[in-house]
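S.K.: Quick one: the structure is below, and I'll ask about it shortly.
The values are calculated or read from the model by the stated rules, or taken from the named source; none is laboratory data. Just so it is clear, the structure is predicted and the values come from calculations on it, not from any experiment. Using ideal geometry, Cβ is built from the backbone for each residue, glycine included, and neighbour counts are taken over all protein chains shown.
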Amino acid sequence: MSIDLKSFKNGSFKHIRNERENHPVLVFLKKNKRAYTVKEIVKSVTMNKGTVRSILRSLEKDKKVIHNTPYFAYLDHIK
């Protein structure tokens, strides 16, 4: 969706960005108490593979998800 240049210059537009806690990938892993491959997550959240890999790396650094090749799972479900 495009915006007019005046709004662009002023910065008066809604920033569309998923916060980590509400990110579709994390919500998907929280909701489903199973471990998934990147390919399965991509299919379920209908996002780009690169985007999913990137957020999974960030979530792993934040200790929200755990990675055991080739699977990812929500860390709290493992404990």
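S.K.: For the range 30-79, enumerate the residues that are under 15 Å from E19 (Cα atoms), surrounded by 14 or more Cβ atoms within 10 Å (Cβ to Cβ) and small (G, A, S).
M.R.: Across the range 30-79, the qualifying residue is only S58.
S.K.: Pull out all pairs, ordered by first then second residue, where Cβ-Cβ is under 6 Å, the residues are six or more apart or on different chains, the first lies in the range 55-76 and is closer than 10 Å to A35 by Cα, and the second is outside any strand (DSSP E or B) and β-branched (V, I, T).
M.R.: The qualifying pairs are I66/I78.
S.K.: Hey, can you tell me all the residues within the range 16-39 that are under 9 Å from the mean Cα position of the chain (by Cα), in contact (Cβ under 8 Å) with a residue 40 or more places away in the chain and closer than 17 Å to I78 by Cβ?
M.R.: Of everything in the range 16-39, just one residue is under 9 Å from the mean Cα position of the chain (by Cα), in contact (Cβ under 8 Å) with a residue 40 or more places away in the chain and closer than 17 Å to I78 by Cβ, namely L26.
S.K.: Identify the residue in the range 10-32 that is of a type in the set (A, V, I, L, M, F, W, C) and over 13 Å from L56 (Cα atoms) and, among all such residues, is modelled with the highest pLDDT.
M.R.: Quick first cut of the range 10-32, residues of a type in the set (A, V, I, L, M, F, W, C) only: 13, 16, 25-29.
Now restrict to residues that are over 13 Å from L56 (Cα atoms): 13, 16.
On the way: F13: 66, I16: 60.
Per the stated criteria, the residue is F13.
S.K.: Quick one: V42 ticks every box in (1) out of contact with any helix residue (DSSP H, G or I) (no Cβ under 6 Å at 6 or more places or on another chain); (2) hydrophobic (A, V, I, L, M, F, W, C); (3) without any contact (Cβ under 8 Å) to a residue 24 or more places away in the chain except a single one, so which number is it?
M.R.: (1)
S.K.: Moving on. When you look at F72, is it within 13 Å of the chain's Cα centre (by Cα), in a helix (DSSP H, G or I) and aromatic (F, W, Y), yes or no?
M.R.: On the way: within 13 Å of the chain's Cα centre (by Cα): yes; in a helix (DSSP H, G or I): no; aromatic (F, W, Y): yes.
Criteria not met by F72.
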